[in-house]
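The values are calculated or read from the model by the stated rules, or taken from the named source; none is laboratory data. Since the model is a prediction, treat every value here as computed from it, not as a measurement. Ideal geometry is used to build each Cβ from the backbone, glycine not excepted, and the neighbour counts take in all protein chains shown. The protein model used for the area step is the full one, side chains on, heavy atoms only, and it has no ligands, DNA or RNA in it. Shrake-Rupley method; radii C 1.70, N 1.55, O 1.52, S 1.80 Å.
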Amino acid sequence: MNPAEKRRLKIGIVCYPTTGGSGIVAVELAHALADRGHEVHVISYAVPVRLDTLRPNLRFHMVHVPDYPLFEYPPYSLALAAQIAEVSCKYDLDVMHVHYAIPHAISGWLARRICGRSNMPLITTLHGTDITIIGKDKSYLPITRFSLEESDLVTVVSSWLGEKVREVVKCSCPYEVVYNFVDPEVFKPRKNGEPRPFPTDPDVPVLMHMSNFRPVKRVQDVVDTFLGLRERMRAQLVMIGDGPDAAAAKNQLYASPYADDVHFLGPQQNAEKLLPFADAFLFPSNAESFGLAALEAQACGVPVIGYTAGGLPEVIEHDKTGFLCEVGSVDKMIDACEKLFRSPELQQAMAQAARERASTQFLLKPAVDRYQELYWQAMVKLESQSGAV
Ligand code: GMT
């Protein structure tokens, strides 16, 4: 498409509304596209966390799943397809961008068939568990492979995830890597002397963990690292989020001799107000496609300690912006925390490098430029295939 023809687009964005990273990425992208003057329609079953529904150029459309006594399992995928089809037709959308394959990609495909919008590209962004879950249970493999092959463009949030698509889904569709991003004006280091917004001893370093407490996050390793570290030196642990493994971690930590040094804050929507107050961020996932929380921590000037696994090595520079250890090597993580906490100079140097890396390599603007360019490319491709160009 001639750059002069690059006009204001009407874009549909489908995402999960929960606190997970895929919803956050979709929402920040929606905000940025709306701020550039595009007309953005966000579709989800609840108002997504962080979505500014009153923003100019942005509209939110709630998926309504009808209640019917016969439905033991309400057909959410169909309700979503119906909503996507309705919005696509009513607003004459140019592009449909779905975040997370299951079930959004197949609902998007179905919606396009329903409303006969064969010239509206379907773009699918894969976020991680939508692919890795298939590695464990193949039930969704055929439908995922089909919906990726039928998408006009597939994007992944790390090179590691791209390789997983090939390995697990065995899909030969081309994909683009578009890294997740952060706004360094929102996620930024704390000011000198700014008090912590949670009740901790100001003179004792804080180790922080934030996640959905699912098995992939290896919360037990967070617990073991903290308890091991605490045997060696004074430290405090701040835990943010909730999920299946939260209760066990809480019970174990509160029953330990260091209960007073542990603070569970539960799910928090304003991570940017908490992350800057950590001295290290612990993120020992074993198959994290990207690790948005680790990027946000770095942007806040917080070194990250995690595992050499998944896409994390693409986000964290080992020995510079944090430490990456072999999966399961809790002792190495204890050593890394101790090293950081005993040397304020090292902690400061890594904090600065982390901030620098996040605010230069993972910026919002180039990522939004790229998505916008990909929308245009997909539109041109479809137009030329239909002989309209
Ligand atoms: O499993 C999660 O952590 C939730 C999931 C989601 O849908 O938000 O997170 C995935 O997408 C994020 C945004 O792209 C990535 O930063 C996370 O690394 C990824 N999680 C996993 O791969 C486990």
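In table form, for the structure just shown:
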item	result
Heavy-atom accessible surface of the chain: percent carbon and sulfur, 1.4 Å	52
Under Karplus coefficients 6.51, -1.76 and 1.60, residue-wise ³J(HN,Hα) of the stretch 337-349 in Hz, glycine/proline x	4, 4, 4, 5, 6, 8, 10, x, 5, 5, 4, 5, 5
Ratio Rg/Rh [Cα only; Rh per Kirkwood] for the stretch 206-361	0.92
Dipole magnitude of the stretch 1-152, debye to nearest 20 (Cβ charges: Lys/Arg +1, Asp/Glu -1, about Cα centre)	260
nm² value of the averaged projected area, convex hull over the Cα atoms of the chain	20.3
Accessible area (Å², per residue) of the chain, counting only protein heavy atoms and a probe of 1.4 Å	44
Inter-site label distance for Phe146 and Ser329 at 7 Å from Cα along Cβ, in nm	4.5
Distant alpha-carbon pairs in the stretch 33-105 (separation over 15 angstrom), percent	60
Percentage relative contact order, the stretch 229-362, counting C-alpha pairs under 8 Å, at least six apart	22
Amide H within-cut-off set for Ser289, under 5 Å, with H built and near neighbours excluded	Gly311
Dipole magnitude of the chain about its Cα centre (Cβ charges: Lys, Arg +1; Asp, Glu -1), debye to nearest 20	620
Stretchable slack from Ala259 to Gln220, in nm (0.36 nm times residue separation minus alpha-carbon distance)	12.5 nm
Helical mean residue ellipticity (222 nm; -39500 (n - 2.57) per DSSP H run of 4+; nearest 500) of the chain	-12000 deg cm²/dmol
Linear extension gain, Asp67 paired with Phe198, 0.36 nm per residue minus alpha-carbon span	43.0 nm
Other-chain or far-sequence residues with amide H under 5 Å of Val95's (modelled H)	Lys10, Gly12
Solvent-accessible area of His318 with every protein chain in place, 1.4 Å probe, in Å² to the nearest 10	100
HN-Hα J in Hz across the stretch 187-204 - Karplus 6.51, -1.76, 1.60, θ = phi - 60°, x for Gly and Pro	8, 9, x, 5, 7, 4, x, 5, x, 5, x, 9, x, 10, 6, x, 8, 10
Amide H within-cut-off set for His127, under 5 Å, with H built and near neighbours excluded	Tyr100, Ala101
